[in-house]
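Below is one structure, written out as structure tokens; comments come after it.
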Amino acid sequence: MELFNVYPLYDIVPESADGLYIKDTQGVSYLDLYGGHAVISIGHSHPHYVKLLKEQLDKIGFYSNSVVNPLQEKLALKLQSLSGCGDYNLFLCSTGAEANENALKLASFATAKTKVIAFRNSFHGRTSAAVAVTDNASIQAPINKLQPVEFLDLNDTQGFLKATEDKEVCAVILEAVQGVGGLDQPTKDFYKLVSGKCREKNIILIADEVQCGFGRTGRFFGFQHHGIAPDLITMAKGMGNGFPVGGVLIHKRFESRYGMLGTTFGGNHLACTAAISVLDVIEQQDLMKNAIEMEKVFRQMATEVPQVKQVKGRGLMLGLEFDFEVAELRKNLIYQYRIFTGSSKNKNVLRVLPALTIGKKEIEQFFNALKAELI
Ligand SMILES: Cc1ncc(COP(=O)(O)O)c(C=O)c1O
């Protein structure tokens, strides 16, 4: 049997990893500024994470949601304390798409409507409703195209006001910083307008924090930079530092009923332990503060590279925009300078999504490579 061939691969075989570095089977060390699509939040193989997961595995790794699992409550309380989101309940699942799928279902359940407003260059996942609200027709199968969705430009106030006149709209889904799309952000004014209008029209506002959440932008959630409170907040990626964990924070206004949502794997013992240990480390190492400080260092060093047109994004969810396509540059960074970076839908943007533990030394290593390559 062979693997179903859907991923173009770099010819690198990681064998071990520690903090910001990955080592391949040849013993070559790579600086990881991408974290496998923004997943590595507290650094590879963080000792606290490894210890807690090993201990948990020795006790019990998995049981389903048919028994009491105190780790879920512990996780919910810790999440509340670090995020400050006290008015929400937690539903646990395993991936970002699943979190968004459940959020979209909840919005539709709550309003008995079907249409969603989403934004150009958005990415929300590949399951049915999540991919329908993702602005990429090439990954939507005909079955996904049955879902009514209106795509608007980010920050298009007039377009948004007009779209909300449609009485069939059940939800708006929005990333505080677009990840896959290329690091564009809604303005504070736009976020406030969206939030206010949703409240007025009984439209559910879903903050997709799958990539920008869990401290990545310097606040626990990206929308917290804008002083608004969404109805539903989805998360995954950095939540488990590599263990598949996702979740939806559901405002307490929403009524639950048995069987309304469900999953076999979501919230299992290992998944909760992974997420709890990530929260421990974010708190103990003050990683949100580090994200803000390292953004400053990054932006300062970027001024030394004249080819950089713009630094996009926030915290440690950053992009360097050039006036050329970055595919070749990324390849050279990997194969010559041993540095992993990311691409985006905007082909001129090099995406940088390091672990929140990154320091000045690693940022310097990156910019020295960039200067050697470009100047
Ligand atoms: C903002 C956002 N939402 C949802 C997803 C989907 O997450 P997953 O790949 O875990 O299903 C992604 C993945 O890149 C994402 O960036």
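The values are calculated or read from the model by the stated rules, or taken from the named source; none is laboratory data. Remember, predicted model here, so these are calculated numbers, not experimental data. A quick note on method: Cβ atoms are made from the backbone with ideal geometry, for glycine too, and the neighbour counts reach across all protein chains shown.
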Scan (1) surrounded by fewer than 18 Cβ atoms within 10 Å (Cβ to Cβ); (2) on the phi > 0 side of the Ramachandran plot for the single condition K54 breaks and write down its number. (2)
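Being within 16 Å of the ligand (Cβ to nearest atom) and farther than 30 Å from Y258 by Cβ narrows it down to one of Y21, Y34, so name that one.
Numbers: Y21 fails: within 16 Å of the ligand (Cβ to nearest atom).
Going through Y21, Y34 in turn, just one is within 16 Å of the ligand (Cβ to nearest atom) and farther than 30 Å from Y258 by Cβ: Y34.
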So, first residue in the same structural domain as V194 (by TED's automatic domain parsing) and under 15 Å from D189 (Cβ atoms) in region 146-168, second residue of a type in the set (S, T, Y) and part of a loop (DSSP other than H, G, I, E, B), Cβ within less than 9 Å, six or more apart or across chains; the pairs are L154/S122; L154/T187; N155/T187
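Would you be able to say whether some residue in region 38-56 is within 14 Å of the ligand (Cβ to nearest atom), closer than 27 Å to D156 by Cβ and not assigned by TED's automatic domain parsing to the domain that holds A176?
Of region 38-56, the ones within 14 Å of the ligand (Cβ to nearest atom) are 38-41.
So of that shortlist, the ones also closer than 27 Å to D156 by Cβ come out as 38.
Now narrow it down to the ones that are not assigned by TED's automatic domain parsing to the domain that holds A176: 38.
Yes, because at least one residue in region 38-56 is within 14 Å of the ligand (Cβ to nearest atom), closer than 27 Å to D156 by Cβ and not assigned by TED's automatic domain parsing to the domain that holds A176.
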Looking at the structure I just gave you, is N155 modelled with pLDDT of 95 or more and in contact with a helix residue (DSSP H, G or I) (Cβ under 6 Å, 6 or more places away or on another chain)? yes
Can you name the residue in region 101-156 that is on the phi > 0 side of the Ramachandran plot and within 12 Å of the ligand (Cβ to nearest atom) and, of all such residues, is surrounded by the most Cβ atoms within 10 Å (Cβ to Cβ)? G125
Condition first: closer than 27 Å to K360 by Cα, in the same structural domain as I173 (by TED's automatic domain parsing) and among the polar types (S, T, N, Q). Can you find one or more residues in region 233-245 that meet it? yes
Within the group A355, A302, A327, which residue is over 28 Å from H226 (Cα atoms) and among the small types (G, A, S)? A327
All positions within region 273-316 that are outside the structural domain of H225 (by TED's automatic domain parsing), of a type in the set (G, A, S) and out of contact with any Asp or Glu (no Cβ under 6 Å at 6 or more places or on another chain): A291, A302, G313
Among (1) free of Cβ contacts under 8 Å to residues at least 40 places away in the same chain; (2) in a helix (DSSP H, G or I); (3) within 16 Å of the ligand (Cβ to nearest atom), where does L205 come up short? (2)
How many of the residues in region 69-100 are part of a helix (DSSP H, G or I) and away from the ligand (no atom under 16 Å from the Cβ)? 14
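Filter region 166-194 down to residues that are within 16 Å of the ligand (Cβ to nearest atom) and not in a loop (DSSP other than H, G, I, E, B) and give me whichever is nearest to F220 (Cα to Cα). Working first, answer last.
First pass over region 166-194, keeping only residues within 16 Å of the ligand (Cβ to nearest atom): 171-186, 191.
Subset that is not in a loop (DSSP other than H, G, I, E, B): 171-175, 191.
Details: A171: 23, V172: 21, I173: 19, L174: 16, E175: 14, Y191: 17 Å.
Result: E175.
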